[in-house]
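The values are calculated or read from the model by the stated rules, or taken from the named source; none is laboratory data. Not measured: the values here are computed from a predicted model. Here the Cβ positions follow ideal geometry from the backbone for every residue, glycine too, while neighbour counts run over all protein chains shown.
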Amino acid sequence: MSAKLQSRRAAALPLTAIALLALAVPRPVLAADVAKEIQTAEAHAGYAVGAADMKTVQMHLHHVVNCMVGPKGKGFDASQADPCKDMGNGVMPDFKGSKAKRGMLQHALDDARAGLQTTDIAAAKQKATDAQGLLKKAM
């Protein structure tokens, strides 16, 4: 092997190592996608509306709450799935829009929480319907 080729290989090795390390280091979410978080919460409210039993209604309402508050928010339930994982910090922490839309989003969150508090499937589904409607309007 020529000295010139050995020199090129030696110079490329540190750059290759740096590139591989950059790929291996976990990166934080670069920018929150609030629209996607709202859309996902709205979808799970709809899944709650269409659920056949109370357990499934409540599971999807937990997903709505988890998307809305994010992993550091009040009421986040780590024992439930977070369908908005890696989209941002939750709708409420990430939302930077109008006060009116923020109020709509808060009302949707309150409806989802109220749906979790009831033991009546019809009432829980109604709260899921209300939350879904508000989330659609907020999109």
Original post:
Is one or more of the residues making up segment 70-79 polar (S, T, N, Q), surrounded by fewer than 17 Cβ atoms within 10 Å (Cβ to Cβ) and without any contact (Cβ under 8 Å) to a residue 12 or more places away in the chain?
Top reply: yes
**OP:** Considering every residue within segment 117-128, establish whether at least one is in contact (Cβ under 8 Å) with a residue 12 or more places away in the chain and within 18 Å of the chain's Cα centre (by Cα).
**Re:** yes
**OP:** Tell me, please, whether a residue that is part of a loop (DSSP other than H, G, I, E, B), of a type in the set (Gly, Ala, Ser), at pLDDT 95 or above and under 17 Å from ASP111 (Cβ atoms) can be found in segment 45-53.
**Re:** yes
**OP:** Quick one: LYS101 ticks every box in (1) outside any loop (DSSP other than H, G, I, E, B); (2) buried (at least 17 other Cβ atoms within 10 Å of the Cβ); (3) not acidic (Asp, Glu) except a single one, so which number is it?
**Re:** (2)
Original post:
What number of residues within segment 114-139 satisfy the criterion of being surrounded by 19 or more Cβ atoms within 10 Å (Cβ to Cβ) and among the charged types (D, E, K, R)?
Top reply: 3
**OP:** Those residues that are in a helix (DSSP H, G or I) and closer than 15 Å to ALA51 by Cα, I need them from segment 115-126; list them, please.
**Re:** GLY115, LEU116, ILE121, ALA122, ALA123, ALA124, LYS125, GLN126
**OP:** Test THR129 against the stated conditions and say whether it is part of a helix (DSSP H, G or I) and among the hydroxyl-bearing types (Ser, Thr, Tyr).
**Re:** yes
